[in-house]
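Novice: First, the structure itself, so that you have it in front of you.
The values are calculated or read from the model by the stated rules, or taken from the named source; none is laboratory data. Since we're looking at a predicted model, the values are computed, not measured. Here the Cβ positions follow ideal geometry from the backbone for every residue, glycine too, while neighbour counts run over all protein chains shown.
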Amino acid sequence: MKIISSYGVLGTTSLTPGVWSSQASTLAEWQVGVDHPGEILCSGPKYQYPYAPDNVHLVTRGYELLGEKYGEVYFQRVVLGRNWQPLQPIAVSRSGRVVTVRFHVPRPPLAWDTALPEPHQGTQLAQWARGRGFELRQGDTPLVIRSVRIVNDTVRITADAAVPAGATVGYAMTSDGVALPNLSPRWGKLVDSDRTVGAFTGQAQPNYAVAFELAVP
């Protein structure tokens, strides 16, 4: 059994060259845990931790927090023998302008992080400025998100117009070229209500939603 986090730094795919890009390795690291349950455990992302000035590596505090999250997952799965899945999508549906993503939630209820800044507030992907990290696109064309709302274990994403079948819904996958200090270039604000406190840092860590992309049926 291996425990990994779902935030890679390799395999950048540019959707609009020189403007914005997604991270292929991030998607692969989440998917390998989905494809091999029990053998590979995805602890979750690490975009929520403090980053070094290169926006790629974590600072010491970030690695301490990541290690505590690994320890929590290990304790749940190996010591207690419980199943573990990260805060991850398990189903997608569509109705007119609304795309609904259902999540596996380790510690309900779902909530929005209040500390991280809002993603996509620059000019490159202003279509997603109200998405709190959620993304909608048809091919390489971003679709305007009007609002996102938590309803029980789902997030309902309302677009500006009817969303066509075959569109893509994503989360924390795309960078629009805005580098903020001590932050990953890709992040989102969806969390659960885990209040486990790390023994070393003394800091509670909710589970953050993994970065993902899924086809809209």
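Novice: Tell me the residue from 131, 139 that is free of Cβ contacts under 8 Å to residues at least 60 places away in the same chain and crowded, with 22+ Cβ neighbours inside 10 Å, please.
Specialist: 131
Novice: Every residue in segment 194-217 that is without any contact (Cβ under 8 Å) to a residue 24 or more places away in the chain and assigned to a strand (DSSP E or B), please.
Specialist: 197, 204
Novice: Is it true that residue 105 is under 18 Å from residue 159 (Cα atoms), under 17 Å from the mean Cα position of the chain (by Cα) and of a type outside the set (Phe, Trp, Tyr)?
Specialist: Values: under 18 Å from residue 159 (Cα atoms): no; under 17 Å from the mean Cα position of the chain (by Cα): yes; of a type outside the set (Phe, Trp, Tyr): yes.
For residue 105, the condition - under 18 Å from residue 159 (Cα atoms), under 17 Å from the mean Cα position of the chain (by Cα) and of a type outside the set (Phe, Trp, Tyr) - is not met.
Novice: For segment 113-193, which fully contained strands (runs of 3 or more DSSP E) count at least 1 residues that are out of contact with any helix residue (DSSP H, G or I) (no Cβ under 7 Å at 6 or more places or on another chain), modelled with pLDDT of 95 or more and among the basic types (Lys, Arg)?
Specialist: By residue number, 134-138, 145-151, 154-159.
Novice: Is it the case that segment 184-206 has a residue that's crowded, with 18+ Cβ neighbours inside 10 Å, among the charged types (D, E, K, R) and more than 17 Å from residue 113 (Cβ to Cβ)?
Specialist: No: zero hits.
Novice: Do the conditions hold for residue 84, that is, is it farther than 19 Å from residue 167 by Cα, surrounded by 13 or more Cβ atoms within 10 Å (Cβ to Cβ), among the hydrophobic types (A, V, I, L, M, F, W, C) and modelled with pLDDT under 95? Steps first, please.
Specialist: On the way: farther than 19 Å from residue 167 by Cα: yes; surrounded by 13 or more Cβ atoms within 10 Å (Cβ to Cβ): yes; among the hydrophobic types (A, V, I, L, M, F, W, C): yes; modelled with pLDDT under 95: yes.
Here the answer is yes, as residue 84 does meet what is asked.
Novice: Among (1) farther than 19 Å from residue 176 by Cα; (2) in contact with a Phe, Trp or Tyr (Cβ under 7 Å, 6 or more places away or on another chain), which single condition is residue 124 missing?
Specialist: The failed condition is (1).
Novice: Which one of these is aliphatic (A, V, I, L, M), under 26 Å from residue 51 (Cα atoms) and touching a Leu at 6+ places or on another chain (Cβ under 7 Å): 210, 155?
Specialist: Values: 155 fails: under 26 Å from residue 51 (Cα atoms).
210 is the lone residue from the list that is aliphatic (A, V, I, L, M), under 26 Å from residue 51 (Cα atoms) and touching a Leu at 6+ places or on another chain (Cβ under 7 Å).
Novice: Here is a follow-up. Could you look through segment 180-214, keep only residues that are hydrophobic (A, V, I, L, M, F, W, C) and over 27 Å from residue 146 (Cβ atoms), and pick out the one that is nearest to the chain's Cα centre (by Cα)? Reasoning before the result, please.
Specialist: Restricting attention to segment 180-214, the residues satisfying the condition of being hydrophobic (A, V, I, L, M, F, W, C) are 180, 183, 187, 190-191, 197, 199-200, 204, 209-212, 214.
This time we only want the ones that are over 27 Å from residue 146 (Cβ atoms), so: 197, 199-200, 204.
Values: 197: 21, 199: 25, 200: 25, 204: 19 Å.
Taking the candidates together, the pick is 204.
Novice: Sticking with this structure for a sec: Going by the structure shown, is residue 76 outside any loop (DSSP other than H, G, I, E, B) and surrounded by 18 or more Cβ atoms within 10 Å (Cβ to Cβ)? Spell out how you get there, then give the answer.
Specialist: Values: outside any loop (DSSP other than H, G, I, E, B): yes; surrounded by 18 or more Cβ atoms within 10 Å (Cβ to Cβ): no.
It is false that residue 76 is outside any loop (DSSP other than H, G, I, E, B) and surrounded by 18 or more Cβ atoms within 10 Å (Cβ to Cβ).
Novice: Of everything in segment 167-183 that's more than 16 Å from residue 137 (Cβ to Cβ) and not β-branched (Val, Ile, Thr), which residue is surrounded by the fewest Cβ atoms within 10 Å (Cβ to Cβ)? Lay out the reasoning, then the answer.
Specialist: If we filter segment 167-183 for residues that are more than 16 Å from residue 137 (Cβ to Cβ), which is where we start, we get 177-183.
With the extra rule that they be not β-branched (Val, Ile, Thr), the set shrinks to 177, 179-183.
On the way: 177: 13, 179: 12, 180: 14, 181: 8, 182: 14, 183: 18.
So the residue we want is 181.
Novice: Moving on to the next point. Got a sec? Which of 110, 41 is of a type in the set (A, V, I, L, M) and either under 30 Å from residue 179 (Cβ atoms) or at pLDDT 95 or above (or both)?
Specialist: Working: 41 fails: either under 30 Å from residue 179 (Cβ atoms) or at pLDDT 95 or above (or both).
Result of the check over 110, 41: 110.
Novice: Here are 98, 59, 73, 78: which of them is over 20 Å from residue 189 (Cα atoms), at pLDDT 95 or above and more than 17 Å from the chain's Cα centre (by Cα)?
Specialist: On the way: 98 fails: over 20 Å from residue 189 (Cα atoms); 73 fails: at pLDDT 95 or above; 78 fails: at pLDDT 95 or above.
Of the residues listed, the single one that is over 20 Å from residue 189 (Cα atoms), at pLDDT 95 or above and more than 17 Å from the chain's Cα centre (by Cα) is 59.
Novice: What are the pairs with Cβ atoms under 8 angstrom where one residue, in segment 80-102, is aromatic (Phe, Trp, Tyr) and the other, located anywhere, is in a loop (DSSP other than H, G, I, E, B)? Sequence gap at least six, or different chains.
Specialist: 84/106
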